[in-house]
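> Sharing a structure with you now.
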Amino acid sequence: MSDFDALQAAIRRRASERQAEARACEALLNALYHALRTASGPGLPLNNVSLDLVPDPVTALRPPPPGGWHAAWFRLGLCEVLVRVRRDGGTFVGEYAQGLSFRVESLDEDALIVLARRMLRDLAAVYAGTAEPGSAALN
């Protein structure tokens, strides 16, 4: 088997694992989108929130290897933020804005709304100039 064939075989062997991770990460990004829309409270949906799933701009391999990052741009009114997520065991790890991060262990609606509200506060602090470098939103 040539080196090229070995590469193709390795990619094929892990294809279902990669696809399952991609679906899970995209599901989290979609759930976060819905949480951001409802972060203002019941009956007050934010209509100027949108989601654009994109290939991770930092990842230098396509398809991303198992454990790789998946990304989406969220438009939050006048602001757009890139959110990157990946699986780490049974949890999701995410990054956004300028070095902010989160860890999601539960995909229940309440946990995601807490995360969405924290992200909005963090982004407001970044634009207000009051964010501390490397501060993180943890869930």
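The values are calculated or read from the model by the stated rules, or taken from the named source; none is laboratory data. Keep in mind that this is a model prediction, so the values were computed, not measured. Note: ideal-geometry Cβ built from the backbone for every residue, glycine included; neighbour counts use all protein chains shown.
> For region 3-27, what are the residues that are under 30 Å from E109 (Cβ atoms) and without any contact (Cβ under 8 Å) to a residue 24 or more places away in the chain?
Correct list: S16, Q19, A20, R23.
> For R18, state whether it is surrounded by 15 or more Cβ atoms within 10 Å (Cβ to Cβ), over 20 Å from V126 (Cα atoms) and of a type in the set (K, R).
yes
> What's the number of the only condition in (1) farther than 30 Å from R13 by Cβ; (2) among the small types (G, A, S); (3) out of contact with any Gly (no Cβ under 9 Å at 6 or more places or on another chain) that S101 fails to meet?
All conditions are met except number (3).
> Please specify each residue of region 72-93 satisfying the condition of being touching a residue at least 24 places away in the same chain (Cβ under 8 Å) and over 13 Å from A20 (Cα atoms). So that I can check it myself, show each step before the final result.
Looking only at region 72-93, we keep the residues that are touching a residue at least 24 places away in the same chain (Cβ under 8 Å), and these are 72, 74-77, 79, 81-87, 92.
Within region 72-93, A72, F74, R75, L76, G77, C79, V81, L82, V83, R84, V85, F92 meet the criteria.
> Additional query: Quick one: T38 ticks every box in (1) under 27 Å from S16 (Cα atoms); (2) touching a residue at least 60 places away in the same chain (Cβ under 8 Å); (3) among the hydroxyl-bearing types (S, T, Y) except a single one, so which number is it?
(1)
> How many residues are over 23 Å from A131 (Cβ atoms), touching a residue at least 12 places away in the same chain (Cβ under 8 Å) and loosely packed, with under 13 Cβ neighbours inside 10 Å when one looks only at region 55-65?
Summing the residues that are over 23 Å from A131 (Cβ atoms), touching a residue at least 12 places away in the same chain (Cβ under 8 Å) and loosely packed, with under 13 Cβ neighbours inside 10 Å in region 55-65 gives 1.
> Given R84, R75, which one is surrounded by 12 or more Cβ atoms within 10 Å (Cβ to Cβ), farther than 15 Å from L120 by Cα and either touching a Lys or Arg at 6+ places or on another chain (Cβ under 8 Å) or at pLDDT 90 or above (or both)?
R84
> Under the condition of being in a loop (DSSP other than H, G, I, E, B) and farther than 20 Å from R75 by Cα, which residue from region 99-128 is modelled with the lowest pLDDT?
Per the criteria, the residue is S106.
> Okay, moving on. Of all the strands (runs of 3 or more DSSP E) wholly in region 1-93, which have at least 2 residues that are of a type in the set (A, V, I, L, M), within 13 Å of the chain's Cα centre (by Cα) and under 18 Å from R117 (Cβ atoms)? Give the derivation first.
Details: elements: 49-54, 70-76, 79-88.
The strands (runs of 3 or more DSSP E) meeting that bar are 79-88.
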